[in-house]
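The next block holds one structure in the form of C-alpha cells; read it before the comments.
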Amino acid sequence: MRQRIEWAAVQVFADSEFHQVTLQQIASAARCSLQTLYRYYGSKEALLSACLHHGLEQLAERMLDHLAGIDTFRDRLSKVFWVVLDFFDRNPQMGRMMINSVYPGRWGSDTTPGQQRLTELFLSVLREGQEQGILNSQVATPILLDFFYGVLLRISQMHLLRGRPGRMADQHGVLFDMLWRAITV
C-alpha cells in the first residue's frame, strides 16, 4: 500500500507545487482513503518527505554499488555524475517533484542514513583528491561537493524543465569533462 501511495504522491507532486497539492488528490490517485494517508503519514509534509527519502535512498544505493571497485578519482567522480544523470533520466517524475515541491530550505535538513553514508563517502573521495593535489584545494571540501552537485543538479533540472528530448546520461562524457576541468588543479 505504501509503495502505491508514494508512487501516486510523486506523480501528483511532480505536476503541481507543494502548496497546491491536496491530500485528497493524492488519495484519489493512489485509490485509497484520506484516513489511510493520515494513518501511514500523518501529514502532506511527511508524505513528501517519505517520497523524497525513498527516491534518494534508491539513488544512494545505486551510487554505492557503482562506486565499488573504481580506483581513480576521475573515474569515481565520473561514475557519480553518470549515476545521477541516469537516475533522473529513468525517474523524471522524481526530478519534477523535487523541482516543484521540495524547497531549497528543506535540503539537508532531513537526511537518511543512506544519504549520510553517501555524503561522507563522497566527501572522503573529494578530500583525498585535494590532499593528493588532483582536485582544487583552495576551497573547503564541502564547497567542492556543493559545486559538483550544483552543476549536476542544475543540468538535470533544466533538462526536465525545458522538456528536452533524449537522455542526459548520453551526454555524460562531454558534460563531465567540463566539470572535471573546473575542479582540478
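From Ile183, Ile143, grab the single residue that is more than 14 Å from Gly95 (Cα to Cα), at pLDDT 95 or above and surrounded by fewer than 18 Cβ atoms within 10 Å (Cβ to Cβ).
Details: Ile183 fails: surrounded by fewer than 18 Cβ atoms within 10 Å (Cβ to Cβ).
Of Ile183, Ile143, the one residue that is more than 14 Å from Gly95 (Cα to Cα), at pLDDT 95 or above and surrounded by fewer than 18 Cβ atoms within 10 Å (Cβ to Cβ) is Ile143.
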Open item on the list: Can you say whether Ala8 is part of a helix (DSSP H, G or I), of a type outside the set (Lys, Arg) and surrounded by 15 or more Cβ atoms within 10 Å (Cβ to Cβ), as far as the supplied structure shows?
Closed with: yes
Task: Qualifying position, being touching a Gly at 6+ places or on another chain (Cβ under 9 Å) and aliphatic (A, V, I, L, M), among Val151, Val174, Val185 - done: Val185
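Do we have Leu77 as in a helix (DSSP H, G or I), at pLDDT 90 or above and either crowded, with 18+ Cβ neighbours inside 10 Å or not hydroxyl-bearing (Ser, Thr, Tyr) (or both) here?
yes
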TODO: Please determine, by comparing only the residues of segment 60-89 that are within 12 Å of the chain's Cα centre (by Cα) and without any contact (Cβ under 8 Å) to a residue 40 or more places away in the chain, which one is nearest to Asp177 (Cα to Cα).
DONE: Val83
- [ ] State which residue is nearest to the chain's Cα centre (by Cα) when the search covers only segment 16-58 and only residues that are among the charged types (D, E, K, R), modelled with pLDDT of 95 or more and on the phi < 0 side of the Ramachandran plot.
- [x] Lys44
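Test Leu47 against the stated conditions and say whether it is under 22 Å from Met168 (Cα atoms) and surrounded by 18 or more Cβ atoms within 10 Å (Cβ to Cβ). Step through it out loud before you land on a result.
Numbers: under 22 Å from Met168 (Cα atoms): no; surrounded by 18 or more Cβ atoms within 10 Å (Cβ to Cβ): yes.
Answer is no for this residue.
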- [ ] Output yes when any residue across segment 102-110 is farther than 30 Å from Gly129 by Cα and either part of a helix (DSSP H, G or I) or not polar (S, T, N, Q) (or both), and no when none is.
- [x] yes
Task: segment 127-154 residues that are hydroxyl-bearing (Ser, Thr, Tyr), paired with ones that are surrounded by 17 or more Cβ atoms within 10 Å (Cβ to Cβ) (beta carbon under 7 Å, 6 or more apart) - done: Ser137/Gln130; Thr141/Leu126; Thr141/Arg127; Thr141/Gln130
Open item on the list: For the structure I just gave you, tell me whether Gln130 is of a type outside the set (A, V, I, L, M) and buried (at least 16 other Cβ atoms within 10 Å of the Cβ).
Closed with: yes
TODO: Go through the residues of segment 149-158 one by one and say whether even a single one is more than 19 Å from the chain's Cα centre (by Cα), more than 21 Å from Gln93 (Cβ to Cβ) and at pLDDT 90 or above.
DONE: no
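The values are calculated or read from the model by the stated rules, or taken from the named source; none is laboratory data. In this text, all values refer to a predicted model and were calculated from it rather than measured experimentally. Neighbour counts are summed over all protein chains in view; Cβ atoms, including those assigned to glycine, are modelled from backbone coordinates with ideal geometry.
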